[in-house]
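Only the coordinates and a few stated rules stand behind these numbers; no lab work does. For clarity, every value in this text was computed on a predicted model and none was experimentally measured. All Cβ positions, glycine included, derive from the backbone under ideal geometry; neighbour counts span all protein chains shown.
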Amino acid sequence: MSLPKRKIGARIIIRLLGVVFVLSSAILVVFFRQYIYDQIIVWQFQPSAEVASLTSRINLSDNGKFVFFASQPELNTSDEFNQACSRVEATTSILGCYSGSRIYIYNVSDTKLDGIREVTAAHEMLHAVYQRMGDGEKTAVDVLLEAEYAKLSGNQLFSDLMDYYARAEPSERTNELHSVIGTVISNISPELEAHYAKYFSSRQTVVNFYDKYNGVFQDLTDRAKVLVGQLQVLSTSIPDESTQYNADVLVLNADINTFNTRASNGDFDSNSQFYAERTILIKRVNLLNQTRATIDSDIDNYNSLLDEYNSIASESKQLYNSMDSTLVTAPSV
C-alpha cells in the first residue's frame with residue numbers, strides 16, 4: 001500500500017514545482033517586462049540603410065544599440081516628422097523626438113550640417129535610456145546631472161538650450177539634462193562618464209559631431225559680429241568725412257576764385273608770390289583728391305562688407321531653413 005502513496009507524493013511535488021516555476025516566471029516577467037518587450041522588438045526591427053549607417057557613426061555600445069533599436073528609430077521627411085513630433089515654439093525648430101516609445105529624427109540633408117542627425121539620434125536614445133532607468137538609478141544619476149549643470153552655469157549656449165527645454169518641457173528637466181549633457185559636453189565627472197559609457201563606445205564621437213555642426217553656426221555668428229562692428233564704424237566715418245570734404249571743397253573753390261580774380265586784376269607783387277600761392281592751392285587740391293579717394297575706398301569697402309554680411313545672413317537662413325520641418329518644399333515644374 002506504500003507504493004501508491006509515493007506516487008501521490010511525487011505528483012504533489014511535480015505540481016508544486018510547476019506552481020513554483022509559473023510563479024517564478026511570472027515574477028521574472030514583471031521585473032524584466034521592459035527588457036522582454038524590447039528584445040522582441042529588436043528581434044523584429046529592421047533598420048533602414050540610413051539608420052544603420054547613422055548608428056555606426058554614433059559609436060553606440062551593444063547596450064546603446066539595443067535601446068536604440070528597441071525604440072524603432074526612423075529618419076523622417078518633413079510630413080512624417082511633423083505628424084509624429086509636435087513643435088512647442090513657432091520660432092524654434094525641433095530635430096527629433098521620443099514619442100510613444102519610438103524615436104523620430106528629422107532627416108536634415110544639408111551637408112554643411114554633417115553630424116546633426118547623429119547627435120539628434122543619440123539625444124533621443126538617451127531619453128529612451130532615462131525612461132528605462134529604475135528609481136534608484138535615476139536618483140543617483142540626477143544628482144550627478146545637477147552637479148554637472150552647476151559647473152556649466154557660465155556656458156551661454158548650454159544655458160540657452162536648457163532655458164528652451166524649461167519652457168518647452170518644464171517637467172522633464174533632468175531627463176533633458178541627461179540627453180543634453182551626454183551629447184554636447186566634453187568634460188564631465190568620471191562617475192557620469194561611466195554611466196554614459198554603458199551606451200557609447202566613444203561618447204566623444206557624438207560631442208565632436210555637435211562641435212562640428214555647431215561650429216558652422218558659431219563661425220557665421222562670429223564673422224557677422226565682426227562685420228557689424230566694421231560696418232558701424234564706416235557708417236559713421238563716411239558721412240563725417242564726406243561732410244568735412246564737401247565743406248573743404250567749398251572753401252577751396254572760394255579761395256581759387258579769389259586767387260583767379262587777384263591774378264586777373266594784377267594784385268600780385270611778383271611772379272614768385274603768384275607761384276607760391278598757386279603751389280599752396282595745388283597742394284590743397286591734391287590733399288582733397290586724396291581725401292576723396294579715401295572716401296571712395298571706404299564706400300567700396302562698406303559695400304563689400306555689406307555684401308558679405310548679407311551673404312552670411314542668407315547662408316544662416318538657408319541652414320536654419322534646412323532644419324525646419326514645417327517649411328513646405330516648393331513644387332517642381
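Once Rg and the Kirkwood radius are both taken over the C-alpha atoms of the range 41-201, their ratio Rg/Rh works out to 0.94.
Each Cα pair under 8 Å and six or more residues apart adds its sequence gap; the mean of these over the residue count of the range 41-115 is a relative contact order of 31 percent. Computed from the alpha carbon positions, the gyration tensor of the range 205-333 leads to an equivalent ellipsoid with semi-axes of 58, 16, 10 Å, biggest first. Only beta bridges with both residues in the chain are counted; by DSSP, about 60 percent of them are antiparallel. Peptides 240-246, 127-133 ranked from most to least packed by the mean count of surrounding Cβ atoms within 10 Å: 127-133, 240-246. Charge tally around Glu241: other residues with Cβ under 15 Å, Lys/Arg +1 each, Asp/Glu -1 each, net -4.
The range 219-267 and the range 120-142 have Cα centres separated by 65 Å. Summing charges over neighbours of Asn76, with a neighbour being any other residue whose Cβ is under 15 Å away from its Cβ, gives -3 when K and R count +1 and D and E count -1. Taking every C-alpha pair closer than 8 Å and separated by at least 6 residues, the mean separation divided by the residue count of the range 215-322 gives a relative contact order of 53 percent. Toward the positive end of the charge dipole of the chain, with +1 on the Cβ of Lys and Arg and -1 on the Cβ of Asp and Glu, the farthest Cα among Ser297, Leu252, Ser189 is that of Ser189. Taking a span of 30 Å or more along the helix axis (Cα atoms) and a mean Kyte-Doolittle hydropathy of at least 0.5 as the rule, the DSSP H helices of the chain that qualify are 2-31. Along its first, second and third principal axes, ordered by size, the chain spans 162, 53, 30 Å in Cα coordinates.
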